[in-house]
Amino acid sequence: MMDLDALGFRNNPHPSDAEIIHEIVSSSGFFSPAEIDIALELLHERIAKGESSGYYFLFAEVEGNVIGYACFGPIPCTLTSFDLYWIAVSPDLRGSGAGGKIIAEAEAEIRRMGGTRIYVETSSRELYLPTRGFYSKCGYEEEAVFKDFYAPGDNKVVLLKVLQ
C-alpha cells in the first residue's frame, strides 16, 4: 500500500498529464469513451487557455507519480458556486483514503478562490452507488434529480456541499 502521508499536490497541468488522466479514467470502469474524451478535452482546454478556460486541476502525487486528480471550476453567471467535474483515483488506491484527501484539497482550493457551494453531477445507475456513497461520506447531499436525463431509467443526480 502506498504511503499517503507522502501525498503532494500540484495545480499546474502538463501535456504529459493526458496519458495518466486517460489511464486513470479508462481503468475505472465508470466512464464511457465519450466521457474519457471529455476528461482529456478539459485538460487540453486548460493547457491552451490557462485560467480563462474556467477549468482548474489538482493532481495528487506520491514520489512524483500522479495517483489521482480533480477538475473543477466556477459556474458561469454565479458568484460563488463551483462545479466539481472529475475526481478520479488510480484503481489500486480506491478505498485507501486517497480520494478523500484529493477532494478535501480541492475543496480548500475552491474556498481559497472564493467558492462557497460545490455541485457534483452523477448518474443514478447502481454502478454509481459507491460514487454517491463517497460523496455522501465527504458531506455532499442530494440537491436535485433529473429523471431519465442520461437515458431512460438513468437519472442525473446533483449533489451539493456548502463550504463552511
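The values are calculated or read from the model by the stated rules, or taken from the named source; none is laboratory data. It should be emphasised that the depicted structure is a prediction, and the values quoted were computed from it without experimental measurement. So basically every Cβ, Gly included, is an ideal-geometry build from the backbone, and we count neighbours across all protein chains shown. Remember, those area values only see protein heavy atoms, side chains included, never the ligands or the DNA or RNA. Shrake-Rupley method; radii C 1.70, N 1.55, O 1.52, S 1.80 Å.
A simple charge model with +1 on the Cβ of Lys and Arg, -1 on the Cβ of Asp and Glu and nothing else charged puts the dipole of the chain at about 480 debye relative to its Cα centre.
The value of relative contact order for the chain, using C-alpha pairs under 8 Å at least six residues apart, is 17 percent. Hydrodynamic estimate: the Kirkwood radius of segment 7-46 over Cα pairs, inserted into Stokes-Einstein at 37 °C and 0.692 mPa s, corresponds to D of 306 µm²/s.
Relative contact order of segment 69-164: 26 percent, from C-alpha pairs under 8 Å at least 6 residues apart in sequence.
Please identify every one of the trypsin sites (Lys or Arg not before Pro) in segment 68-164 that sits in a loop by DSSP and has no more than 16 other beta carbons within 10 Å of its own beta carbon.
On the way: sites: R94, K101, R111, R112, R117, R125, R132, K137, K147, K156, K161; in loops: R94, R125.
Taking segment 68-164 and a limit of 16 other Cβ atoms within 10 Å, the loop trypsin sites (Lys or Arg not before Pro) found are R94, R125.
Under a Gaussian network description of the chain, with springs only between Cα atoms under 10 Å, the residue in A151, A18, A106 that fluctuates furthest is A151.
When segment 13-164 is described by a simple charge dipole with +1 on each Lys and Arg Cβ and -1 on each Asp and Glu Cβ, the residue from I47, I102, L163 located farthest towards its positive end is L163.
Write down the accessible area per residue of segment 83-164 in Å², having rolled a 1.4 Å probe over the full set of protein chains.
Numbers: 4420 Å² over 82 residues.
For segment 83-164, the per-residue accessible area is 54 Å².
Per DSSP H run of n ≥ 4, the term is -39500 (n - 2.57); total these for the chain, divide by its residue number, and report the mean residue ellipticity at 222 nm rounded to 500 deg cm²/dmol. Present the calculation step by step, with values, prior to reporting the outcome.
Details: 4 runs with 52 residues, N = 164.
Helix-only estimate at 222 nm: -10000 deg cm²/dmol.
Lysine pairs in the chain whose alpha-carbon atoms fall under 26 angstrom of each other, counting only those eight or more residues apart or on distinct chains, come to 8.
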